[in-house]
Amino acid sequence: MKVYSCCGHDTVVKRIYCPSCGTSDIQEHEVSDHGTIYSFTKIHIPPVEFAAIAPYNVVLVQLMDTTAKVTGRLMGDIAIGDSVELDRVEAGAYLYKKV
């Protein structure tokens, strides 16, 4: 997974300018697809386009070896601190699975 860094902050969102210092010297590097569940919420009543997969979890994953966090989706029972890895990216959504 690509992470973009500047001013000691990491993000998975590519930016042209750093929102903190304004520089365009943002460093890009690869990090592991593994992480831990930082936070989550279970969606029981989803938007129409996701009705077929409800209930599902929207998770905030703390990626390993970086300060970046990424929002994704994960099926099944989970708890904060569970180890996860990126399974695939589908229609722009990060889909995680427990490891």
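Cβ-Cβ under 9 Å, sequence separation 6+ or interchain: first residue in region 1-26 and touching a residue at least 24 places away in the same chain (Cβ under 8 Å) and polar (S, T, N, Q), partner in a loop (DSSP other than H, G, I, E, B) and surrounded by fewer than 13 Cβ atoms within 10 Å (Cβ to Cβ). Which pairs?
S5/T67; T11/T67
Closer than 21 Å to V31 by Cα and either free of Cβ contacts under 8 Å to residues at least 12 places away in the same chain or surrounded by 13 or more Cβ atoms within 10 Å (Cβ to Cβ) (or both): does that describe M64?
Numbers: closer than 21 Å to V31 by Cα: yes; either free of Cβ contacts under 8 Å to residues at least 12 places away in the same chain or surrounded by 13 or more Cβ atoms within 10 Å (Cβ to Cβ) (or both): yes.
In short, yes.
Assuming V58 fulfils every condition listed in (1) within 17 Å of K97 (Cβ to Cβ); (2) exposed (fewer than 12 other Cβ atoms within 10 Å of the Cβ) apart from one, which condition is it?
Going through (1) within 17 Å of K97 (Cβ to Cβ); (2) exposed (fewer than 12 other Cβ atoms within 10 Å of the Cβ) one by one, V58 breaks only (2).
Of all residues in region 3-20 being touching a strand residue (DSSP E or B) at 6+ places or on another chain (Cβ under 6 Å) and within 16 Å of K69 (Cβ to Cβ), which is surrounded by the most Cβ atoms within 10 Å (Cβ to Cβ)?
This residue is V3.
If you take the residues in region 24-54 that are in contact with a Phe, Trp or Tyr (Cβ under 9 Å, 6 or more places away or on another chain) and polar (S, T, N, Q), which one is farthest from D77 (Cα to Cα)?
Only one residue tops the list, namely S24.
Please work out if E85 is within 14 Å of the chain's Cα centre (by Cα) and open to solvent by 80 Å² or more (accessible area, probe 1.4 Å). Full working, then the answer.
On the way: within 14 Å of the chain's Cα centre (by Cα): yes; open to solvent by 80 Å² or more (accessible area, probe 1.4 Å): no.
The answer is no for E85.
Does region 43-50 contain at least one residue that is free of Cβ contacts under 8 Å to residues at least 60 places away in the same chain and within 12 Å of the chain's Cα centre (by Cα)?
no
Which ones in region 67-76 are more than 17 Å from H9 (Cβ to Cβ) and open to solvent by 70 Å² or more (accessible area, probe 1.4 Å)? Spell out how you get there, then give the answer.
Start the filter on region 67-76 by keeping residues that are more than 17 Å from H9 (Cβ to Cβ), which leaves 72-76.
If the condition is that a residue be more than 17 Å from H9 (Cβ to Cβ) and open to solvent by 70 Å² or more (accessible area, probe 1.4 Å), then M75 is the only one that fits.
The values are calculated or read from the model by the stated rules, or taken from the named source; none is laboratory data. Keep in mind it's a predicted model, so treat the numbers as computed, not measured. Here the Cβ is made from the backbone with ideal geometry for all residues, glycine too, and neighbour counts use every protein chain on show. These accessible areas exclude ligands, DNA and RNA; they are computed on the full protein's heavy atoms, side chains included. Shrake-Rupley method; radii C 1.70, N 1.55, O 1.52, S 1.80 Å.
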